[in-house]
Every structure is written in C-alpha cells, then in structure tokens.
Amino acid sequence: MEIAVLVGPQGETAPIQTPGEIQVYQYTCNSWEICRSMPFALEPAGGLPGMRAYLQTVIEFLGECRIFVGCSVTGVPFFELEKAGFTTWEIIGHPLDFLDGILKAQDAAASTAPVQASASLPELKETAPGCYSISLKEIQNCSGFISSKQVLLPILSRHQFHTLEVICSHVPPWLEVKILSGEIDAVIEKISPQEAKIIIKH
C-alpha cells in the first residue's frame, strides 16, 4: 500500500494550489516510511494545457500509487487525478497521524457489504417512497477518515431511488465534476455560505 501526501514547509498537508512536496509513504513491517518524494509547484501561468502536462508528470512519478492526500484537492488537479483512477482525501494534519486511518477506510471501502447507518456513518433516510435524504455535514466538518465518496458511491451505484437529497457543508469536488459532465443529473442549491443542498435524480 502506497499513499501520496502533499505537505507544506511544516510537514502538514497543504492545498494543491500551493507549492510543497509530494511524499509517497509505503506501509511495510507495520510502519509507514517515505519511499520517494518530489517537489510540487502547480504553475497556472502555463494555462490549462501546462497544468495538465505538469499533473501528468506527477501521475507518472506516483507510479502504481492511487491514493492522494492534501488539505484541499479541487479544480483541474482533482479532475486529472480522478481521471487517472486516484482516490483523493482532504485531511488536515501530519501524515503519520492519519495514514493508518486511511488504510483502514480503504480496506472497508473494498468490502462488498452495503453501507449501513452507524455511529461513524451518516444515516440514509427515506422521506417518501423512492425519495431519500442524507447529510454529509458531520463528516465534512470533522477530520475523520470517512469521505463523502465512500458514503455516496455505494448509494449511487444501486440506483434504487427516484431522488436523493444531499445536505452538505460544501459540494464534494468529485461529485461536482460528475454533475458538470452530465454523468449525474442533479440540481445544486446554495442554502447559506456554510450549507448546500444537492438534489440527485434518477
């Protein structure tokens, strides 16, 4: 298992729009060690083609690693990583404080068991026949290891709903990409600066 983390000068996760260093951690002998690293600086001056070319270089450097972590992973970088098959995480902190949690969450996501409501997962509520509602605010507002993608993808893949109302602090970047591309039919409503509602139709 390898996990790539974008870190800043203080060794904590950095936003993907800022310069830093990508450190690739490998789990061996029950511990995490940096197996390779590279400086990272996404320059917008080259425009969209330049950004994509640079990100392709980064993806080639990462090799078989398909997990990328930063404190904020949005926009073109998120889209390019998504296309390349990466799972992206947005976590604030030092890598050694959260890598074990990501490993456990990835193992749980690989299970074929359906998502069930629990103390750590938001509850999917049926508000009317075929109509459901779920809130992502709790997992978005804390530094836990459950991501919006892990919660929503199993629900979306079942296609057993007419409408799904998603309440969130912000629209998850991966979901916004799918909505803008037309892959998912949805309407986004901004309720307040700290809350949005997404109505997904099937």
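Let me check I've understood the local charge: for Glu183, count other residues with C-beta under 15 angstrom from its C-beta, Lys and Arg +1, Asp and Glu -1. What total comes out?
Summing Lys and Arg as +1 and Asp and Glu as -1 gives +1.
Any chance you could give the angle, 0 to 90 degrees and rounded to 10, that helix 47-62 forms with the longest Cα principal axis of the chain?
80
Lys and Arg at +1, Asp and Glu at -1: add these up for the other residues within a Cβ distance under 12 Å of Gln26 and post the number.
Net charge around Gln26: -2.
Where does the charge balance sit around Gly93 when Lys and Arg score +1, Asp and Glu -1, over other residues with C-beta under 13 Å from its C-beta?
Net of charged neighbours comes to -4.
Mind pulling the angle between the C-alpha long axis of helix 95-109 and the longest principal axis of the chain? Nearest 10 degrees, somewhere in 0 to 90.
40
A 25 angstrom limit on the alpha carbon distance is what I want to check against. Which of Lys137/Lys178; Lys104/Lys190; Lys83/Lys125; Lys104/Lys137; Lys137/Lys201 exceed it?
Lys104/Lys190; Lys83/Lys125
Most exposed first by the Cβ proxy, i.e. fewest other Cβ within 10 Å, how do Leu164, Leu124 rank?
By the 10 Å Cβ count, ascending, the order reads Leu124, Leu164.
Values quoted throughout were computed directly from the atomic coordinates according to the rules given, and no laboratory measurement underlies them. All of these numbers come straight from a predicted model, not from anything done at the bench. Note that we place each Cβ from the backbone using ideal geometry, even for glycine, and neighbour counts take in every protein chain shown.
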